[in-house]
Amino acid sequence: MTNHELTSQDKASQANVSSARNVDVTVIGAGVIGLANAIALQKAGFSVRVIDKQGVAAGASFGNAGHFATEQVFPLADPAMLLKLPGMLLDPLGPFRIQPRYFLKALPWFMRFLVNMLPAKRAHNSAAIKSLNQKSIHAWQQLVSECGCSELLKLEGSLLVFEQTPLVEVERVYKSYRDAGVAVKLISGEEVRALEPDLSLNINHGLWFTQVGHTPDPAELCHRLATQFEKLGGKLVIGEVTRLANIGKGEQCVSVCVGEGVNYQSDKLLLSAGAWSKPLAQQLGFKVPLETERGYHLMMPQQSRLQRPVASFERKFIITPMNRGICLAGTVEFGGLKAPLVEARADCLLPHAKALLPEVLVGATTSQGERWMGFRPSLPDSLPVLGASPKSDKIFFAFGHQHLGLTWAAFSAQLMAETIKGEKTQVDMTPYRIDRF
Ligand SMILES: Cc1cc2nc3c(=O)[nH]c(=O)nc-3n(C[C@H](O)[C@H](O)[C@H](O)COP(=O)(O)OP(=O)(O)OC[C@H]3O[C@@H](n4cnc5c(N)ncnc54)[C@H](O)[C@@H]3O)c2cc1C
């Protein structure tokens, strides 16, 4: 097609890209969210600078479980937790823990979390989660293909396995996923082992989520995004954003202060600093109930025949086959951004993994593993903050992706690029507004 044969839609989109070309956007945070957004903005025609206090994949995006978990359609605020909660909280190595010194600090977040257990809120939040899930895998397929790293997205599905849970309960869980529109099969222990021969004979049932995927290296995935970002002309700055100025209505540009004195002037600003976004959002005029759910991994060097992530219903953790070995990940700990990693919480994943992979991990010790802790950025309704500031046409937000930041990164970045360009978005952005609290 020649230039004068362009449709009016093509012309409008070309005009939009060239008008965006003169507009620069500063993105705070080089985690998977900041990087995916940066590339989506470049594709929309903006020139983009990313600033990170430590560099690429320094936060939760480094060591997550690598699961593109679009089957997770239920908000975390589940009334079924209430009965189990006291026991969980009292066990320092349990899957859900509040550090005692952090209890009072976490209390306001928990009060909001409880409110989100109400049926109407849960239904609303679940619908908003599904809206993000629906195109997430497809968006990742596009993104890894553009970045030349399709080998970092594997579409083998995932398993949720059951050891002692009675079949009637397994069927209830199966039905809840199926009724929510998730592609899932209920399979026997033998069928589980036919898919994954390394798994234990103690597994009696499994749910096989057939349309999800995983990455064998979440950190490398971020580095490949960063390479693509730089290839497209993006600038990566290492430094801590300490202050934001000129943020009111009618200002010409936003001023982003890094460290003690370097100032970057920018036409637009996108805050995507994960669990660290709260004080910066406050500077921009919003008090958000952002907490961190600290999560752990123990990376074991053993190789297995696992093809896909395997989560345990009873043990509440996940095993993902990765390039560097077997990643054992999970647990939720409320303890803030400053408390150090608790080694025992990473180590306690190994006995659970040995029960599921007895032959692969026979003789394995925690000293062979690499312990890591990351800060999931979580809001009490399990929804991220996505969209424009209601107070300024220059400020935008993309943080709070909780347990699903890897899953949502590529699609939520498309939504943000549409928002920043002023286009109609693929999904209604109302549930994710920053002023919903
Ligand atoms: C154990 C564990 C397992 C997980 N498993 C999965 C999974 O299987 N699937 C899934 O979808 N999600 C998973 N997650 C969640 C996922 O990792 C996060 O939601 C996601 O990484 C968040 O990305 P982010 O870019 O918002 O934050 P981060 O990756 O934390 O990045 C934030 C960045 O902002 C930078 N920054 C902070 N403050 C400043 C500042 N003032 N100036 C400049 N830079 C700043 C930090 O240095 C950091 O690099 C898991 C998380 C954990 C902890």
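The values are calculated or read from the model by the stated rules, or taken from the named source; none is laboratory data. The structure presented is a predicted model; accordingly, all values stated were derived computationally and were not measured. Quick reminder, even Gly has a Cβ in these numbers, built from the backbone with ideal geometry, and neighbours come from all protein chains shown.
For the list (1) in a helix (DSSP H, G or I); (2) away from the ligand (no atom under 16 Å from the Cβ); (3) in contact (Cβ under 8 Å) with a residue 12 or more places away in the chain, I need the number of the one condition that residue 148 fails.
(1)
Kindly provide the set of residues from region 228-259 that are in contact with a Gly (Cβ under 6 Å, 6 or more places away or on another chain) and farther than 18 Å from residue 28 by Cβ, ordered by number.
None - no residue of region 228-259 is in contact with a Gly (Cβ under 6 Å, 6 or more places away or on another chain) and farther than 18 Å from residue 28 by Cβ, so the list stays empty.
What number of residues in region 292-320 are in a strand (DSSP E or B) and more than 13 Å from the ligand (Cβ to nearest atom)?
As a first pass, look at region 292-320 and keep what is in a strand (DSSP E or B): 292-300, 310-312, 317-320.
So of that shortlist, the ones also more than 13 Å from the ligand (Cβ to nearest atom) come out as 300, 312.
Of the residues in that region, 2 qualify.
Report the residue count in region 258-282 for those that are within 11 Å of the ligand (Cβ to nearest atom) and surrounded by fewer than 15 Cβ atoms within 10 Å (Cβ to Cβ).
Final tally of qualifying residues: 2.
Check off (1) within 30 Å of residue 46 (Cα to Cα); (2) under 20 Å from the mean Cα position of the chain (by Cα) for residue 240 and give me the number that stays unchecked.
Against the list (1) within 30 Å of residue 46 (Cα to Cα); (2) under 20 Å from the mean Cα position of the chain (by Cα), residue 240 comes up short only on (2).
Quick one: which residue in 131, 145, 158 is under 20 Å from residue 326 (Cα atoms) and small (Gly, Ala, Ser)? Don't jump to the end; show me each part of the working.
Details: 131 fails: under 20 Å from residue 326 (Cα atoms); 145 fails: under 20 Å from residue 326 (Cα atoms).
Going through 131, 145, 158 in turn, just one is under 20 Å from residue 326 (Cα atoms) and small (Gly, Ala, Ser): 158.
Looking only at region 181-192, count how many residues are more than 30 Å from residue 35 (Cα to Cα) and crowded, with 17+ Cβ neighbours inside 10 Å.
Total meeting the criteria: 5.
Just checking, which of 350, 406, 379 is in contact (Cβ under 8 Å) with a residue 40 or more places away in the chain and over 29 Å from residue 125 (Cβ atoms)? Full working, then the answer.
Numbers: 406 fails: over 29 Å from residue 125 (Cβ atoms); 379 fails: over 29 Å from residue 125 (Cβ atoms).
Going through 350, 406, 379 in turn, just one is in contact (Cβ under 8 Å) with a residue 40 or more places away in the chain and over 29 Å from residue 125 (Cβ atoms): 350.
For residue 393, only one of the following conditions fails: (1) away from the ligand (no atom under 14 Å from the Cβ); (2) more than 15 Å from the chain's Cα centre (by Cα); (3) modelled with pLDDT of 95 or more. What is its number?
(3)
Collect the residues in region 60-113 that are closer than 30 Å to residue 139 by Cβ, part of a helix (DSSP H, G or I) and in contact with a Gly (Cβ under 7 Å, 6 or more places away or on another chain), keeping them in residue-number order.
60, 61, 62, 63
Taking the conditions exactly as written (within 15 Å of the ligand (Cβ to nearest atom) and in the same structural domain as residue 94 (by TED's automatic domain parsing)), does residue 363 satisfy them or not? First the steps, then the outcome.
Details: within 15 Å of the ligand (Cβ to nearest atom): no; in the same structural domain as residue 94 (by TED's automatic domain parsing): yes.
Against the criterion (within 15 Å of the ligand (Cβ to nearest atom) and in the same structural domain as residue 94 (by TED's automatic domain parsing)), residue 363 does not qualify.
Just one of 240, 163, 171 is within 15 Å of the ligand (Cβ to nearest atom), in contact with a strand residue (DSSP E or B) (Cβ under 8 Å, 6 or more places away or on another chain), of a type outside the set (Val, Ile, Thr) and at negative phi; which is it? Before the answer, list the steps.
Working: 163 fails: within 15 Å of the ligand (Cβ to nearest atom); 171 fails: within 15 Å of the ligand (Cβ to nearest atom).
Going through 240, 163, 171 in turn, just one is within 15 Å of the ligand (Cβ to nearest atom), in contact with a strand residue (DSSP E or B) (Cβ under 8 Å, 6 or more places away or on another chain), of a type outside the set (Val, Ile, Thr) and at negative phi: 240.
Across region 347-363, what is the number of residues that are assigned to a loop (DSSP other than H, G, I, E, B) and crowded, with 18+ Cβ neighbours inside 10 Å? Even if it seems obvious, please write down each step before you answer.
Just the residues of region 347-363 that are assigned to a loop (DSSP other than H, G, I, E, B), to begin with: 348, 357-363.
With the extra rule that they be crowded, with 18+ Cβ neighbours inside 10 Å, the set shrinks to 348, 357, 360-361.
Of the residues in that region, 4 qualify.
Report whether or not residue 374 is in contact with a strand residue (DSSP E or B) (Cβ under 8 Å, 6 or more places away or on another chain), part of a strand (DSSP E or B) and without any contact (Cβ under 8 Å) to a residue 60 or more places away in the chain.
Working: in contact with a strand residue (DSSP E or B) (Cβ under 8 Å, 6 or more places away or on another chain): yes; part of a strand (DSSP E or B): yes; without any contact (Cβ under 8 Å) to a residue 60 or more places away in the chain: no.
Judged against the criteria, residue 374 is not a match.
For region 194-212, what are the residues that are out of contact with any Phe, Trp or Tyr (no Cβ under 9 Å at 6 or more places or on another chain), more than 25 Å from residue 129 (Cβ to Cβ) and surrounded by 16 or more Cβ atoms within 10 Å (Cβ to Cβ)?
Answer for region 194-212, where residues must be out of contact with any Phe, Trp or Tyr (no Cβ under 9 Å at 6 or more places or on another chain), more than 25 Å from residue 129 (Cβ to Cβ) and surrounded by 16 or more Cβ atoms within 10 Å (Cβ to Cβ): 196, 198, 199, 200.
Considering only residues that are within 22 Å of the chain's Cα centre (by Cα) and not in a loop (DSSP other than H, G, I, E, B), which ones fall in region 321-344?
Within region 321-344, 321, 322, 325, 326, 327, 328, 329, 330, 331, 332, 333, 334 qualify.
Can you tell which of 416, 373, 429 is surrounded by fewer than 24 Cβ atoms within 10 Å (Cβ to Cβ) and touching a Phe, Trp or Tyr at 6+ places or on another chain (Cβ under 9 Å)? Break it down stepwise before answering.
Values: 416 fails: surrounded by fewer than 24 Cβ atoms within 10 Å (Cβ to Cβ); 429 fails: touching a Phe, Trp or Tyr at 6+ places or on another chain (Cβ under 9 Å).
Among 416, 373, 429, only 373 is surrounded by fewer than 24 Cβ atoms within 10 Å (Cβ to Cβ) and touching a Phe, Trp or Tyr at 6+ places or on another chain (Cβ under 9 Å).
Can you name the number of the only condition in (1) crowded, with 18+ Cβ neighbours inside 10 Å; (2) within 14 Å of the ligand (Cβ to nearest atom); (3) outside the structural domain of residue 57 (by TED's automatic domain parsing) that residue 407 fails?
Evaluating residue 407 over (1) crowded, with 18+ Cβ neighbours inside 10 Å; (2) within 14 Å of the ligand (Cβ to nearest atom); (3) outside the structural domain of residue 57 (by TED's automatic domain parsing) leaves (3) as the failure.
Output the qualifying pairs, or none if there are none: Cβ atoms under 9 angstrom, residues six or more apart or on different chains, first residue in region 100-127 and in contact (Cβ under 8 Å) with a residue 24 or more places away in the chain, second residue of a type in the set (Lys, Arg).
115/121; 116/122
Being β-branched (Val, Ile, Thr), near the ligand (Cβ under 7 Å from one of its atoms) and buried (at least 23 other Cβ atoms within 10 Å of the Cβ) narrows it down to one residue among 32, 48; which is it? Please lay out each step first, then the result.
On the way: 48 fails: near the ligand (Cβ under 7 Å from one of its atoms).
Of the residues listed, the single one that is β-branched (Val, Ile, Thr), near the ligand (Cβ under 7 Å from one of its atoms) and buried (at least 23 other Cβ atoms within 10 Å of the Cβ) is 32.
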